[in-house]
1. Ordering K155, K99 by how much accessible area each has at a 1.4 Å probe, largest first, what is the list?
2. Taking the Cα centre of the chain as origin, sum charge times position over the Cβ atoms of Lys and Arg (+1) and Asp and Glu (-1), and report the length of that vector in debye to the nearest 20.
3. What FRET efficiency do you get for N156 and D52 if R0 is 30 Å and r is their Cβ-Cβ distance, rounded to the nearest 0.05?
4. Can you sort I40, I8 by 1.4 Å-probe accessible area, starting with the largest?
5. Under 5 Å between amide H atoms, partner at least 5 residues away or on a different chain: which partners does C28 have, H built in plane at 1.01 Å?
6. How large, in percent, is the carbon and sulfur part of the accessible surface of the chain at a probe radius of 1.4 Å?
7. Report the calculated FRET efficiency for A34 and I128 (r = Cβ-Cβ distance, R0 = 22 Å), to the nearest 0.05.
8. Work out, step by step, the length gained on full extension between T121 and D146: first 0.36 nm times the residue separation, then minus their alpha carbon distance; give nm to one decimal.
Amino acid sequence: MNTFFTTIVDIALKKASEAAKKGEIPVCAIIFDANAEQIIASATNRTERDHDPTAHAETLAIRKACSLTKRTRLSQYDIYVTLEPCPMCATAISFARLKRLYFGAYDFKGGGIEHGCRIYTHARNLFIPEVYGGIAQTRCELLLKDFFKTLREEKNDH
């Protein structure tokens, strides 16, 4: 792995961990310009804070990147996510025309790429990014498992 790749994963995990401390499912998405070697936008889940089931890290990062670049197509950028995107986010990634998708943990229940409805396998897709799953998988899984374990423990204490 190159240095930028490792740095992006480290940043995403740190931000996801910070989201967990705020009661959000610890997921972070980062939009990255590989040519300029710079982060364009990042976001964590804010579904609880915003009382919005669509406030997933991916959609928020895409909105931010589109706003900053004044573009609706992000075809020269990549997206890194700590968890396999759900069907809604997989579709948003396709609509934004992100070049590559890198994700960490697999989501066996709610995923939309390798699991569930597998959005990118449908013939009618207008755009399918290059997909690389299982990036820093163990670290991403551990963060999620710890979050849900703590959540269950807190629930049992009340």
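The values are calculated or read from the model by the stated rules, or taken from the named source; none is laboratory data. Nothing here was measured: the structure is a model prediction, and the numbers come from that model. With ideal geometry, Cβ positions are generated from the backbone for all residues, glycine too; neighbour counts draw on all protein chains shown. Ligands, DNA and RNA are excluded from the accessible area calculation, which covers all protein heavy atoms including side chains. Shrake-Rupley method; radii C 1.70, N 1.55, O 1.52, S 1.80 Å.
1. Greatest to least solvent exposure: K155, K99.
2. So the magnitude is around 460 debye.
3. Efficiency, rounded to the nearest 0.05: 0.60.
4. I40, I8
5. T82, L83
6. 53 percent
7. 0.75
8. 5.8 nm
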